[in-house]
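The values are calculated or read from the model by the stated rules, or taken from the named source; none is laboratory data. If you're wondering where the values come from, they're calculated on a predicted model, not measured in any experiment. Note: ideal-geometry Cβ built from the backbone for every residue, glycine included; neighbour counts use all protein chains shown. Side chains are part of the model used for accessible areas, which takes the heavy atoms of the whole protein and leaves out ligands, DNA and RNA. Shrake-Rupley method; radii C 1.70, N 1.55, O 1.52, S 1.80 Å.
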Amino acid sequence: MKGAIVGAGAVGMAIAYSMLIQNTFDELVLVDIDRRKVEGEVMDLVHGIPFVEPSVVRAGTLADCGGVDVVVITAGARQREGESRLSLVQRNVEIFRGLIGEIMEHCPNAILLVVSNPVDVMTYVAMKLAGLPPSRVIGSGTVLDTARFRYLLAERLRVDPRSLHAYIIGEHGDSEVPVWSRANVAGAFLSEIEPAVGTPDDPAKMFEVFEHVKNAAYEIIERKGATSWAIGLATTQIARAITRNQNRVLPVSVLMSGLHGIEEVCLAYPAVLNRQGIDRLVKFSLSPAEEEQLQRSARVMRQTLDEIQF
Ligand SMILES: NC(=O)c1ccc[n+]([C@@H]2O[C@H](COP(=O)([O-])OP(=O)(O)OC[C@H]3O[C@@H](n4cnc5c(N)ncnc54)[C@H](O)[C@@H]3O)[C@@H](O)[C@H]2O)c1
Ligand SMILES: O=C1N[C@](c2ccsc2)(c2cccc(Nc3ccc(F)cc3)n2)CC(O)=C1Sc1ccccc1Cl
């Protein structure tokens, strides 16, 4: 399998490193508008190949990406001091306007995996610009958010995160929705043990775990200026679900086509992923409060899409 990563910044290189050590692709092409930077990153990375399963990693342009199966997109503008989110979105839309057409020219059969933020908006924009079916344009969604949620929840419950099933859905970021009503350990629902779980009435204050998920993102940024390692590992899991035809369920950003009455926006929702991309969505029955939060998340998304020009 052949992969490409467009955008060799902190996130793109964390994805590249994670994919290399997990032997995700036979060949990985790294593309960046800053040619010297990406060549330097590749020079550094390939010196590690003698220590891992060998695969080909090279710097190139999109013209070198013929036959690529998955294109990961982390290209984007950095938010300027005091810049509004809408301004950043519009700048990223302009980047995508040039980029997506070139990707489709050279990789017409690839699945697009969008990481650039705001990821749900950029996934929708990529899908429309590419003219691809929704199954072949995937956003990293809340895979990272959900991983942080499971990790912190599992710590509180003293279980392995792999034994705890809990999801965050909706918009990746501030309006995301923790699905407390479906959180469980081996089928034992937290909401059956403590009906107030996730609410301020919960004596165990488990709602703090969700606040920590969002705060962690801001705290990491404040401490190290960016985040990279966890999103690198998360994105690699999404790519492996595709390349290994795993039928794995992950909360990726997908086009909502009527589920929960939501249309024409991309939101994070549990999806079955395999070699074809998104095979199907896993329908969640949500509590009334979660349903309203998801509807609000969809409204936030709709408003942003109505405000941008593309
Ligand atoms: N979805 C998530 O959970 C998540 C988590 C962390 C970061 N992110 C997002 O990932 C994106 C990348 O973050 P980063 O820290 O790597 O940023 P960065 O600025 O370090 O890297 C972006 C790279 O894109 C390149 N680039 C810009 N325009 C390009 C173009 N037209 N073609 C090719 N390359 C181009 C830049 O040269 C740069 O190297 C950001 O949008 C960030 O918000 C998402
Ligand atoms: O861990 C991060 N770091 C970022 C970041 C990385 C480099 S600069 C900012 C982050 C951190 C905090 C907020 C935030 N919000 C944001 C929203 C829309 C955008 F277009 C860009 C950024 N983004 C980017 C990002 O998506 C994440 S995950 C994240 C963010 C907010 C809430 C929960 C999670 Cl799990």
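Can you give me the distance in nm between label points at L86 and R296, each placed 7 Å from the Cα along the Cα-to-Cβ direction?
2.1
Return the carbon/sulfur percentage of the accessible area of region 226-301, one whole number, probe 1.4 Å, all protein chains in place. Intermediate results must be reported in sequence, preceding the final value.
On the way: 1630 of 3110 Å².
Answer for region 226-301 is 52 percent, counting heavy atoms of protein chains only.
For q = 0.10, 0.12, 0.13 Å⁻¹, what log10 I(q)/I(0) does region 39-194 give under the Debye formula with an equal point scatterer on each alpha carbon and no solvent?
Per q value, in the given order, log10 I(q)/I(0) is -0.53, -0.73, -0.83.
Using Cα centres only, tell me the gap between region 183-226 and region 111-180 in whole Å.
Between the Cα centres of region 183-226 and region 111-180 lies a distance of 16 Å.
How much net charge surrounds C107 when only the other residues with a Cβ under 10 Å from the Cβ of C107 are counted, with Lys and Arg +1 and Asp and Glu -1?
Once all neighbours under 10 Å are counted, the net charge is -2.
Taking +1 at the Cβ of each Lys and Arg and -1 at the Cβ of each Asp and Glu, which of I33, L20, V185 sits farthest along the dipole of the chain towards its positive end, judged by Cα position relative to the Cα centre?
So the residue furthest toward the plus end is L20.
Going by alpha carbons, how many degrees (0 to 90, nearest 10) lie between the helix axis of 143-157 and the longest principal axis of the chain?
Value to nearest ten degrees: 40.
With all protein chains present and a 1.4 Å probe, how do S18, S163, S191, S257 order by accessible area, largest first? Could the numbers behind the result be given before it?
On the way: S18 5, S163 55, S191 35, S257 85 Å².
These residues rank, largest area first, as S257, S163, S191, S18.
Grab the Cα-Cα distance for N247 and T61, subtract it from 0.36 nm times how many residues apart they are, and report the gain in nm with one decimal.
Working: separation 186, 0.36 × 186 = 66.96 nm, distance 3.11 nm.
Gain on extension, N247 to T61, equals 63.9 nm.
For region 226-290, restrict the atom set to alpha-carbon positions and state the Rg and Dmax in Å.
When restricted to Cα atoms, region 226-290 yields Rg and Dmax of 13.3, 37 Å.
For A204, what is the net charge nearby, where nearby means another residue's Cβ is under 10 Å from its Cβ and Lys, Arg count +1, Asp, Glu -1? Write out the running numbers ahead of the final one.
On the way: positive: R156, K205; negative: E194, D202, E208.
Once positives and negatives cancel, what remains is -1.
Kirkwood Rh, the chain, all Cα pairs: how many Å? Intermediate values should be presented prior to the final figure.
Working: mean 1/r = 0.0504 Å⁻¹.
Value: 19.8 Å, from the Cα pair sum.
Find, among the trypsin sites (Lys or Arg not before Pro) in region 166-232, those assigned to loop by DSSP (not H, G, I, E, B) with at most 16 other beta-carbon atoms within 10 angstrom. Provide the component values of the computation, followed by the final result.
Working: sites: R182, K205, K214, R223, K224; in loops: K205.
Sparse-neighbourhood loop trypsin sites (Lys or Arg not before Pro): K205.
If you count only protein heavy atoms with a 1.4 Å probe, what accessible area per residue comes out for the chain, rounded to a whole Å²? Display every interim value, and only then the final one.
Working: 14030 Å² over 310 residues.
About 45 Å² of surface per residue is accessible.
Once each part is reduced to its C-alpha centroid, what is the distance from region 237-310 to region 34-70 in angstrom?
About 31 Å separates the Cα centre of region 237-310 from the one of region 34-70.
Nearest 10 degrees, 0 to 90: what angle lies between the long axis of helix 207-224 and the longest principal axis of the chain (Cα atoms)?
Result, in degrees: 30.
What's the FRET efficiency of E307 with R162 using the Cβ-Cβ distance as r and R₀ = 45 Å, to the nearest 0.05?
Working: r = 40 Å, r/R0 = 0.89.
According to the calculation, E is roughly 0.65.
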